[in-house]
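One structure is given below, encoded as structure tokens.
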Amino acid sequence: MHQSQEINEVRDLIRSQTNYRPTVGLILGSGLGTLADEIENPYRIPYSDIPHFAKSEAAGHANELVIGELQGKTIVAMKGRFHYYEGFSLDEVTFPVRVMKALGVESLILTNACGAVNTAFHPGDLMLITDHLNLVGTNPLIGPNNDELGTRFPDLSQVYHPGLRQLALQVAEEQNLTLQQGVYAWWSGPAYETPAEIRMIRTLGADAVGMSTVPEAIVAAHGRMKVLGISCLTNMACGILDQPLNHEEVLEVAGKVRTTFVQLVKGVLEKME
Ligand code: HPA
């Protein structure tokens, strides 16, 4: 469990470097980092300059916090996130969420690239996360609870905030773009799933599968933050089509959807309270 002292040390360091006081957090998934380039008057901090931050090496990710203004909101964006499959502990994976909360962030937009399990979806679709399945068999809150950060047994009945979901649907409609909705299943990776695992995951009630997001969402819920989850469906999950999966394809499709994705997130930011 995160130590308040470490979180506050990073908060104070960031506040000593910039006068920005972000209220919205944004975690950018594989191939989606360019959204951070839209931030106006950005203040950038490489993760390597931030104490207690892990160092990410996944292809398609930069490694910096970008703080600034976007659509009239002051935001802090993670360009590149930490994954469990990289060997980081879930404490390391979710530490930035604690820092965001300490900085004053109340709403967190989590994004990712993932595979479509629901056969009615298409590569290149965006999906609003309505709920999640934790299939990894561990939990970022395991360990002694830090009562300053949240309660021992947090409720997860509404992790993905109904108001923010409604807003995203409204923005998508106004922008005339397709926004699927569904349940995101967290798979540890780094190997993609097998066809049998995808059949299992579909039977269990998931519409999409990916290797991130859920740990951050659980920690955000623990900290009583409002979460909005947006997935970019980069491929049909393993076994649906008669073709192998590869990371290059994931990045390529994420790159193609980028414009729509950026437009949706900007629209949501503009209309957020
Ligand atoms: N499975 C898991 N993670 C992913 C996928 C997938 O098919 N595509 C992108 N991230």
| Set of lysines near K55 by C-alpha distance (under 17 Å), chain-local residues within fewer than 8 positions excluded | K79
| By the gyration tensor of its Cα atoms, with a ≥ b ≥ c the square roots of the eigenvalues, what is the shape of the range 200-259: rounded for a/c under 1.5, prolate for a/b over b/c, or oblate? | oblate
| How big is the antiparallel share of DSSP beta bridges in the range 16-150, given as a percent to the nearest 5? | 55 percent
| task | Obtain the nm distance between the two label points defined at N145 and E174 by a simple spin-label model: each point lies 7 Å from its Cα along the Cα-to-C-beta direction. | result | 3.9 nm
| task | Just rank D49, D242, D125, fewest to most, by other beta-carbon atoms within 10 angstrom. | result | D242, D49, D125
| What residues qualify as long-range amide H neighbours of A113, i.e. H under 5 Å apart, gap of 5 or more or another chain, H built at 1.01 Å from N? | S30, C232
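Pop the C-beta distance of R21 and K271 into the FRET formula with R0 = 22 Å and round what comes out to the nearest 0.05.
0.60
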| query | Under a 5 Å amide H to amide H cut-off, with H placed in plane at 1.01 Å, what residues pair with G80 once short-range neighbours are removed? | reply | L28, A62
| note | Calculated from DSSP helices alone, with each H run of at least 4 adding -39500 (n - 2.57) and the total divided by the residues of the chain, [θ]222 nm to the nearest 500 comes to -10000 deg cm²/dmol
| query | Taking every pair of alpha-carbon atoms in the chain, what share in percent sits in each 5 Å bin, from 0 to the bin with the longest distance? | reply | 1, 6, 14, 18, 21, 18, 13, 7, 2, 1, 0
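At a threshold of 8 angstrom on Cα-Cα distance, excluding pairs fewer than six apart, so keeping six or more, what relative contact order does the chain reach in percent?
26 percent
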| query | What is the distance in Å between the Cα centres of the range 212-229 and the range 88-157? | reply | 4 Å
| said: If you restrict to DSSP beta bridges whose two residues both lie in the chain, what percentage is antiparallel, to the nearest 5? | reply: 35 percent
| note | Under a Gaussian network model of the chain whose springs join Cα atoms within less than 10 Å, the largest fluctuation of E216, E248, E92 belongs to E248
| task | Considering only P154, P144, P96, give the residue with the highest GNM mean-square fluctuation for the chain, with springs between Cα atoms whenever their separation is below 10 Å. | result | P144
| query | Using just the C-alpha positions of the range 93-246 as equal point scatterers, what log10 of I(q)/I(0) does the Debye formula give at each q in 0.21 1/Å? | reply | -1.32
| said: Apply the a/c threshold of 1.5 to the C-alpha gyration tensor of the range 1-143 and tell me whether it is rounded, prolate or oblate. | reply: oblate
| message | Straight-line reach only, C-alpha to C-alpha below 15 angstrom: list the aspartates and glutamates that K256 could link to, leaving out same-chain residues fewer than 8 apart. | response | D125, E248
| If you place +1 on the Cβ of every Lys and Arg, -1 on the Cβ of every Asp and Glu, and leave all else neutral, what size is the dipole of the chain about its Cα centre, to the nearest 20 Debye? | 380 debye
| HN-Hα J couplings of the range 256-273 from phi, Karplus 6.51/-1.76/1.60, θ = phi - 60°, integer Hz, Gly and Pro as x? | 6, 7, 3, 4, 5, 4, 4, 4, 5, 5, 5, x, 5, 4, 4, 8, 5, 6
| Between rounded, prolate and oblate, where does the range 107-190 land on the alpha carbon gyration tensor, with a ≥ b ≥ c its root eigenvalues, rounded for a/c under 1.5, else prolate if a/b exceeds b/c? | oblate
| query | Got a sec to turn the phi values of the range 155-163 into Karplus ³J(HN,Hα) couplings, 6.51 cos²θ - 1.76 cosθ + 1.60 with θ = phi - 60°, whole Hz, x for Gly and Pro? | reply | 6, 10, 6, 9, 4, 9, 4, x, x
| field | Protection-proxy order for peptides 254-261, 205-212, 162-169, each taking the mean of Cβ atoms within 10 Å per residue, highest first | value | 205-212, 254-261, 162-169
| request: Report the Stokes-Einstein translational diffusion coefficient (µm² s⁻¹, integer) for the range 162-266, Rh taken as the Kirkwood radius over Cα pairs, at 37 °C with viscosity 0.692 mPa s. | output: 214 µm²/s
| message | Going by average Cβ density within 10 Å per residue, which order do the peptides 196-204, 229-237 take, highest to lowest? | response | 229-237, 196-204
| Where nothing but the Cβ of Lys and Arg (+1) and of Asp and Glu (-1) is charged, how large is the charge dipole of the range 180-232 around its Cα centre, in debye to the nearest 20? | 180 debye
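Neighbour counts of other C-beta atoms within 10 Å: give me L32, L141 arranged from fewest to most.
Neighbour counts put them in this order, fewest first: L141, L32.
Determine, from the Cβ-Cβ distance of Q5 and K256 and an R0 of 25 Å, the FRET efficiency 1/(1 + (r/R0)^6), rounded to the nearest 0.05. Present the calculation step by step, with values, prior to reporting the outcome.
Details: r = 44 Å, r/R0 = 1.75.
Step by step, r from the Cβ atoms, then E = 0.05.
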| message | I need the calculated FRET efficiency for the pair R199 and A120, taking r as the beta carbon distance and R₀ as 25 Å, to the nearest 0.05. | response | 0.95
| task | State to the nearest 20 debye the size of the charge dipole of the range 1-55 about its Cα centre, where the only charges are +1 on K and R beta carbons and -1 on D and E beta carbons. | result | 80 debye
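Readers should treat all values here as calculations from the given coordinates under stated rules, not as data from a laboratory. Just so it is clear, the structure is predicted and the values come from calculations on it, not from any experiment. We place every Cβ from the backbone using ideal geometry, glycine too, and count neighbours over all the protein chains shown.
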